[in-house]
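A.B. asks: Input: one structure, supplied below.
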Amino acid sequence: MDVVMLSRLQFAVAVFFHFIFVPLTLGLSVLIAVMQTIYYRTGNETYKRMAKFWGKLFLINFTLGVVTGITLEFQFGTNWSRYSEYVGDIFGSLLAIEATLAFFLESTFLAVWVFGWERVSKKMHLFAIWAVAFASNMSGLWIILANGWMQNPVGYVIRNNRAELDNFFTVLSNPYAWGQFFHNMFASWMLAGFFVLGISAWHLLRRNEEDFFNRSFKLAAGFTLALALLVALQGHNHGNTVARLQPAKLAAMESHWETQKSAPMYLLAVPDENAEGNAIQAFGIPGVLSLLAFNDPSAEVKGLKDFPKEDRPPVLLTFLNFRLMVGLGTLFPLLAGAAFLFRNRLQDKPWLLKALPWAIPLPYLAIMAGWAVAEIGRQPWIVYGMMRTTDAVSPVPASSVAVSLLAFGAVYTLLGVLDIYLLRKYARKGPAA
């Protein structure tokens, strides 16, 4: 493999491992804040125990997430120096704000929350966990604003052979980035909901701390159902933005080759990139693709053949990841709906209690698939329509990148195993007496 592919693989390994930790941090911080708010308002000690128990799992996840996140940003200098040189004036400013504002705010108030039990007032302690939740999600916003700019570059001028910031407000109000942000945040909060549901179901099946885990389950059930529906609705809305701003990505997501009005959606399709078509194509529903893309069943949808071959994204990978994301996204409201519907009769539904722990990994897979669609579907561009990925890589030997790729893979695998081991250990152990 050449240095471009090795560098892409290394970044993919780093960002996917880092994203094992991120969504749970974003969503669980909000649920813990809600639990502590109930404790503050009612004085019910069970909710205090809930905040502490789920907070311990949050801390494990947060700590390991920080370790993987720090190394990620260094790759913009080591592996993608030409990219950093060309667009660093814009991209770097967003990452700097994330680190100096959101991350430090999050870390400071997390320390207050962890060490402040019985040391600061209840009001101040409650404020600390809400500050952590707010800062965590604001950190995600700045990162996604940076990625959204790569997907839809705005607010810049080309000067001195590089992209320079021209209008910061235009960058902040990028519609592509805000669509990504809400879709990603809703998915992360939903993931945290399934995390709480799955662990609570495991304990309820064994009749451990029934009052504690019944309350955790009921709180998470409505939360998760609402977020599962919001993810689907925002996914459709963001799909409209993709259709408008990145038509080649949309065509790859659906393996849509011919430009046509009232474009059908095929329930069964197998892309064949070499033949520029689908090897299998069946059960087409007329006008559905046009409706989903533009909210108009008669709208024209561009096909992949309208784009030069060198400007098309990899179709098979984009198509399969999109199908995986949508398939799981259809399952989540059903699972969350069952949890909400039977929340007061859980002991009569052992099948649900057995199923929910196995559902914990599914939102992770859906989110990873969604990011694969976003990044693979943007290729061959690192900044859409402006800079190709092949032009952004550092001038370093492929052997150097291969060695660092193996090293990152080994370290991140160790951290991933450690995270799963610690979360599993303390989740099974249950809350302190």
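A.B. asks: Over all alpha-carbon pairs in region 50-166, figure out the percentage whose distance exceeds 18 Å. Provide the component values of the computation, followed by the final result.
C.D. replies: Numbers: 4019 of 6786 pairs.
For region 50-166, the fraction of Cα-Cα distances above 18 Å is 59 percent.
A.B. asks: Given the DSSP H assignment, sum -39500 (n - 2.57) over each helix run of at least 4 residues in the chain and divide by its residue total; what's the result at 222 nm in deg cm²/dmol, nearest 500? Before the final figure, lay out each step's value.
C.D. replies: On the way: 14 runs with 305 residues, N = 433.
The helix-only estimate for the chain comes to -24500 deg cm²/dmol at 222 nm.
A.B. asks: Let me ask something else. Please compute the length gained on full extension between R244 and R41, using 0.36 nm multiplied by the number of residues separating them and subtracting their Cα-Cα distance. Spell out each step's value before the answer.
C.D. replies: Details: separation 203, 0.36 × 203 = 73.08 nm, distance 4.66 nm.
Length gained between R244 and R41: 68.4 nm.
A.B. asks: Loop only per DSSP, at most 15 neighbouring Cβ atoms within 10 Å: give me the chymotrypsin sites (Phe, Trp or Tyr not before Pro) in region 80-132, ordered by residue number. Walk me through the numbers on the way to the answer.
C.D. replies: Details: sites: W80, Y83, Y86, F91, F103, F104, F109, W113, F115, W117, F127, W130; in loops: W80, W117.
For chymotrypsin sites (Phe, Trp or Tyr not before Pro) across region 80-132 that sit outside H, G, I, E and B with at most 15 neighbouring Cβ atoms in 10 Å, the list reads W117.
A.B. asks: Taking K and R as +1 and D and E as -1, what net charge do the other residues with C-beta under 13 Å from the C-beta of V383 add up to? Please list the in-between numbers first.
C.D. replies: Working: positive: R82, R162, R378, R388; negative: E85, D89, E375, D391.
Spelling it out: positives minus negatives among the neighbours equals 0.
A.B. asks: Right, another one. Taking only C-alpha pairs under 8 Å that are 6+ residues apart, what is the relative contact order of region 1-147 in percent? If you can, show how the numbers build up before the last one.
C.D. replies: Details: 116 pairs, mean separation 42.6, N = 147.
Over region 1-147, the number comes to 29 percent.
A.B. asks: Relative contact order of the chain: what whole-number percent is it, with Cα pairs under 8 angstrom and at least 6 residues apart? Kindly include the intermediate steps, with their values, before the conclusion.
C.D. replies: Values: 648 pairs, mean separation 92.9, N = 433.
Averaging sequence separation for qualifying contacts and normalising by length gives 21 percent for the chain.
A.B. asks: Of P271, P247, P286, which is the most mobile in a GNM of the chain whose springs link Cα atoms less than 10 angstrom apart?
C.D. replies: Of P271, P247, P286, the Gaussian network model singles out P286 as fluctuating most.
A.B. asks: Separation between the R388 and R424 pseudo-spin-labels, each 7 Å from Cα along Cα→Cβ, expressed in nm?
C.D. replies: 4.5
A.B. asks: Mind giving me the nanometre distance, one decimal, between the label points for K349 and A279, set 7 Å out from Cα along Cα→Cβ?
C.D. replies: 4.1
A.B. asks: How about region 234-335: which GluC sites (Glu not before Pro) there are in a DSSP loop, with at most 14 other Cβ atoms within 10 Å of their Cβ?
C.D. replies: Here the sparse-neighbourhood loop sites are E258.
A.B. asks: What Kirkwood radius, in Å to one decimal, follows from the Cα pairs of region 221-305? Don't skip to the end; give the middle numbers.
C.D. replies: Details: mean 1/r = 0.0737 Å⁻¹.
The answer is 13.6 Å.
A.B. asks: Further, regarding this structure: With a Förster radius of 35 Å, plug the Cβ-Cβ distance of R159 and E310 into 1/(1 + (r/R0)^6) and report the FRET value to the nearest 0.05. Write out the running numbers ahead of the final one.
C.D. replies: Values: r = 27 Å, r/R0 = 0.78.
With a Förster radius of 35 Å, E is 0.80.
A.B. asks: With the alpha-carbon atoms as the only input, what is the per residue convex hull volume for the chain in Å³?
C.D. replies: So the per-residue Cα hull volume is 153 Å³.
A.B. asks: Tally Lys/Arg at +1 and Asp/Glu at -1 over every other residue whose Cβ is under 14 Å from the Cβ of Y47; what's the total? Write down the numbers at each step before the final one.
C.D. replies: Working: positive: R41, K48, R49, K52, K122, R215, K218; negative: E45, E209, D211.
Summing Lys/Arg as +1 and Asp/Glu as -1 gives +4.
A.B. asks: At a temperature of 20 °C and a viscosity of 1.002 mPa s, determine how fast region 288-433 diffuses translationally according to Stokes-Einstein, using the Kirkwood radius over alpha-carbon pairs as Rh; express D in µm²/s, rounded to the nearest whole number. Walk me through the numbers on the way to the answer.
C.D. replies: Numbers: Rh = 20.0 Å.
Answer, rounded: 107 µm²/s.
A.B. asks: Provide the gained length on full extension for the span E118 to S173, in nm with one decimal, where the gain is 0.36 nm per separating residue minus the Cα-Cα distance.
C.D. replies: Values: separation 55, 0.36 × 55 = 19.80 nm, distance 4.18 nm.
Contour length minus the Cα-Cα distance gives 15.6 nm.
Values in this text are rule-based calculations from the coordinates and carry no lab data. Since this is a predicted model, take the numbers as computed values, not measurements. Reconstructed Cβ throughout: ideal geometry from the backbone, glycine too, with neighbour counts over all protein chains shown.
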